[in-house]
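To start, the structure itself, in structure tokens.
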Amino acid sequence: MKVCIFKWFPIMLVLLVTNMLVVSQASAISTEFYVGVDNRPSLSHGSYSGLDNPNQGRLTFLLAHPNEDLARSHFHPIGAHSYSGPVTAPIVEMTNSNNRLPETFTGQPPLPLRPGTGSYAGQLISQHIPGLEYSNQAIASIQALNGFADGSVESFLFNSSGGGYTSTLDEAMIALELVEVTPGLSIYDEVGQNIFANPSQPYILGDGNTFDFMPTFAVDAGAPPTSYSASFRLLDLGNDPGYSPLPTSGTYHIDFVAEPVPEPSTMILLGSGLLGLLGWKQWKNKTA
């Protein structure tokens, strides 16, 4: 008796998707990047363990790392100050060794810039690609994770690192400063405004406790299929009477690669291949 695997394919697909949803519900959150203040007085691990925390009291750009084992959920400081040099005479650096997205140690290639539509027609843009870590460029205040039920991934994240990032950002006005950018790469806000048309002018994200922001990175559709990068720092422009702004974050970098639109001939070949695959599946069904 012959068994046709294609008859079972829909059931297998449903089981696979269901399993993925169960896993994702245990670890997924809607935002990957957060802005907080590092209030840890000293370092608890690494070569400089026990020394004063060079990032204490500073704005910090954080990457959320939720985990299926919720208690292991944590943050990676991407835009943070750090030490270098001998432990006996450390030097404070305005960045750290894990300051790139995608994170260098993962070996993941730069984030793709793909064809845009609507107001981004004619450009290759950053896009949230489900399942591709770092591709969701949304940024929110760390306080967006505050107030969730005990036992939730949000609660574990918010209170990770010994509660080192739970401080409120009262009176802070968070702004994004462009440090460096590859020529040809532009950054837009939610309404399509080029936020760094004047590179020397920081872009205000909003109130420290409530802001959220979704940037779009873009190059011209005819741009060379090469890598593009942008470097940023976070500033506090709060100026209420008697308020002392939070010190600037460390510098961090985001890397992209342009993925040009395929030539028409390539699309025709791709379409022919898909039609051929469909015909082969139908023939197999008939002979099964």
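The values are calculated or read from the model by the stated rules, or taken from the named source; none is laboratory data. Remember, predicted model here, so these are calculated numbers, not experimental data. Every residue, glycine among them, receives a Cβ derived from its backbone with ideal geometry; neighbour counts consider all protein chains shown.
Okay, here's what the table says:
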{"item": "Qualifying residue in the range 51-72 (condition: surrounded by fewer than 20 Cβ atoms within 10 Å (Cβ to Cβ), without any contact (Cβ under 8 Å) to a residue 40 or more places away in the chain and small (Gly, Ala, Ser))", "result": "no"}
{"item": "Where Phe61 falls short, out of the listed (1) closer than 30 Å to Thr226 by Cβ; (2) assigned to a loop (DSSP other than H, G, I, E, B)", "result": "(2)"}
{"item": "Hits in the range 143-187 (condition: of a type in the set (D, E, K, R), within 17 Å of Arg72 (Cβ to Cβ) and in contact (Cβ under 8 Å) with a residue 60 or more places away in the chain)", "result": "Glu154"}
{"item": "Members of the range 238-257 that are of a type outside the set (Val, Ile, Thr) and closer than 27 Å to Pro183 by Cβ", "result": "Ser249, Gly250, Tyr252, His253, Asp255, Phe256"}
{"item": "Selected residue (only one of Phe105, Phe33, Phe75 is of a type outside the set (A, V, I, L, M) and in contact with a Ser or Thr (Cβ under 8 Å, 6 or more places away or on another chain))", "result": "Phe75"}
{"item": "Options Ile187, Ile268: the member that is surrounded by 11 or more Cβ atoms within 10 Å (Cβ to Cβ), modelled with pLDDT of 95 or more, at negative phi and among the aliphatic types (A, V, I, L, M)", "result": "Ile187"}
{"item": "Some residue of the range 172-190 being touching a helix residue (DSSP H, G or I) at 6+ places or on another chain (Cβ under 7 Å), of a type in the set (Val, Ile, Thr) and assigned to a loop (DSSP other than H, G, I, E, B)", "result": "no"}
{"item": "Some residue of the range 133-152 being of a type in the set (Val, Ile, Thr) and surrounded by fewer than 18 Cβ atoms within 10 Å (Cβ to Cβ)", "result": "no"}
{"item": "Considering residues of the range 163-194 that are aliphatic (A, V, I, L, M) and more than 29 Å from Asn39 (Cβ to Cβ) only, the residue nearest to the chain's Cα centre (by Cα)", "result": "Ile187"}
{"item": "Filter pass, Ile187 being touching a Pro at 6+ places or on another chain (Cβ under 8 Å) and within 12 Å of Phe256 (Cβ to Cβ)", "result": "yes"}
{"item": "Residues that are under 13 Å from Ala64 (Cβ atoms) and either acidic (Asp, Glu) or surrounded by fewer than 21 Cβ atoms within 10 Å (Cβ to Cβ) (or both), drawn from the range 161-176", "result": "Ser161"}
{"item": "Residue list for the range 67-118, restricted to those being closer than 30 Å to Leu185 by Cβ and touching a helix residue (DSSP H, G or I) at 6+ places or on another chain (Cβ under 7 Å)", "result": "Phe75"}
{"item": "Test: residue in the range 244-263 that is over 24 Å from the mean Cα position of the chain (by Cα) and modelled with pLDDT of 95 or more", "result": "yes"}
{"item": "Residue check, Ala218 modelled with pLDDT under 95, closer than 29 Å to Gly122 by Cβ, in contact with a strand residue (DSSP E or B) (Cβ under 9 Å, 6 or more places away or on another chain) and not acidic (Asp, Glu)", "result": "no"}
{"item": "Tally of residues being in contact (Cβ under 8 Å) with a residue 40 or more places away in the chain and loosely packed, with under 12 Cβ neighbours inside 10 Å across the range 77-106", "result": "1"}
{"item": "Residues being in a loop (DSSP other than H, G, I, E, B), closer than 26 Å to Gly107 by Cβ and touching a Gly at 6+ places or on another chain (Cβ under 7 Å) - total across the range 216-260", "result": "4"}
